[in-house]
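The values are calculated or read from the model by the stated rules, or taken from the named source; none is laboratory data. Since the structure is predicted, the reported quantities are computational estimates derived from the model, not experimental observations. Cβ coordinates were reconstructed from backbone atoms using ideal geometry, including for glycine residues, and neighbour counts include every protein chain displayed. Just the protein is used for accessible areas: all its heavy atoms, side chains included, with ligands, DNA and RNA removed. Shrake-Rupley method; radii C 1.70, N 1.55, O 1.52, S 1.80 Å.
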Amino acid sequence: LQNQSAVVVALDLSPSMLAQDLVPDRLTLAKYKLIDILRKQSDTQVALVAYAGDAHTVSPLSDDPYTIEALLPALHPNIMPSRGSNVEAAMALATQLLQDAGASSGDIMLISDGITEDAIDALQDQWNSQYRLSILAVGGEQGAPIPVQGGGFMRNTQGEIVLASVDSRALRSLAFSLGGRFANLSSDDTDLDKLLID
């Protein structure tokens, strides 16, 4: 890794990524965008972490983007052992992958539709400043229902349909505070132009 930059991508596989305010859904478009990122980072070592209630290594750092690309179709909230959105675990695992590879500097790119206020506070308190965190936000501010297996939508304890919205302002603030970049997912390369600049 001495002469190569290193990036760990953390992909959110929480159920809200199935919301359909983006067509066909947030997760599908996030995967397409991840493929674009891999192909534009051909001179970079890239690893992939997937997370929901816990975080898991999909691929360690590799200079073969097609290996990661081939694994993407199988990634879905339904394959995750536990539900949730444990971004702290994902960031800890991403950091560990960079450290294990001996990368003295590197980038972590989070692809997500949201982080809780508690998680934002925890990350800001505990962040290792040798690595930068950039965030690609997936989804809209208005919110959208979350489909569930068997039909219908996720509901809260009062029986009301849950609307999953994206707080872009909070995500942008987090990324900038940790030395990284921020973009909302776009249909063109506008987002990547913001995230992948030298």
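Go through the residues of the range 136-144 one by one and say whether even a single one is over 26 Å from residue 29 (Cβ atoms), part of a loop (DSSP other than H, G, I, E, B) and open to solvent by 90 Å² or more (accessible area, probe 1.4 Å). Scanning the range 136-144, I find no residue that is over 26 Å from residue 29 (Cβ atoms), part of a loop (DSSP other than H, G, I, E, B) and open to solvent by 90 Å² or more (accessible area, probe 1.4 Å), so the answer is no. Applying a threshold of 8 Å to beta carbon distances and a minimum spacing of six or more residues, or different chains, the list of pairs starting in the range 74-95 at a residue that is in contact (Cβ under 8 Å) with a residue 60 or more places away in the chain and ending at one that is charged (D, E, K, R) and part of a loop (DSSP other than H, G, I, E, B) reads 77/83; 80/54; 84/54. Within the range 93-119, count every residue that is hydrophobic (A, V, I, L, M, F, W, C), in a helix (DSSP H, G or I) and within 16 Å of the chain's Cα centre (by Cα). Summing the residues that are hydrophobic (A, V, I, L, M, F, W, C), in a helix (DSSP H, G or I) and within 16 Å of the chain's Cα centre (by Cα) in the range 93-119 gives 4. Among the residues making up the range 38-92, a single one is among the hydroxyl-bearing types (Ser, Thr, Tyr), in a loop (DSSP other than H, G, I, E, B) and under 17 Å from residue 103 (Cβ atoms): 44. Scanning the range 160-186 for residues that are of a type in the set (Ser, Thr, Tyr), farther than 15 Å from residue 37 by Cβ and over 14 Å from the mean Cα position of the chain (by Cα) gives 165, 173, 177. No other residue among 129, 187, 112 is modelled with pLDDT under 95 and within 19 Å of residue 22 (Cα to Cα) apart from 187.
For every residue, the table says whether it meets (1) surrounded by fewer than 18 Cβ atoms within 10 Å (Cβ to Cβ); (2) modelled with pLDDT under 95; (3) in contact with a strand residue (DSSP E or B) (Cβ under 7 Å, 6 or more places away or on another chain).
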{"site": "40", "(1), (2), (3)": "yes, yes, no"}
{"site": "43", "(1), (2), (3)": "yes, yes, no"}
{"site": "47", "(1), (2), (3)": "no, no, yes"}
{"site": "64", "(1), (2), (3)": "yes, yes, no"}
{"site": "76", "(1), (2), (3)": "yes, no, no"}
{"site": "84", "(1), (2), (3)": "yes, yes, no"}
{"site": "106", "(1), (2), (3)": "no, yes, yes"}
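Which residues, counting only those in the range 145-184, are among the charged types (D, E, K, R) and either touching a Leu at 6+ places or on another chain (Cβ under 9 Å) or part of a loop (DSSP other than H, G, I, E, B) (or both)? Hits for the range 145-184 are 160, 167, 181. Which of the residues belonging to the range 108-122 are without any contact (Cβ under 8 Å) to a residue 40 or more places away in the chain and open to solvent by 40 Å² or more (accessible area, probe 1.4 Å)? Result: 116, 118, 121. For the range 145-187, the set of residues classified as open to solvent by 60 Å² or more (accessible area, probe 1.4 Å) and touching a residue at least 60 places away in the same chain (Cβ under 8 Å) consists of 149 only.
Within the range 1-23, being open to solvent by 10 Å² or more (accessible area, probe 1.4 Å) and under 21 Å from residue 167 (Cα atoms) holds for 15, 16, 18, 20, 21, 22, 23.
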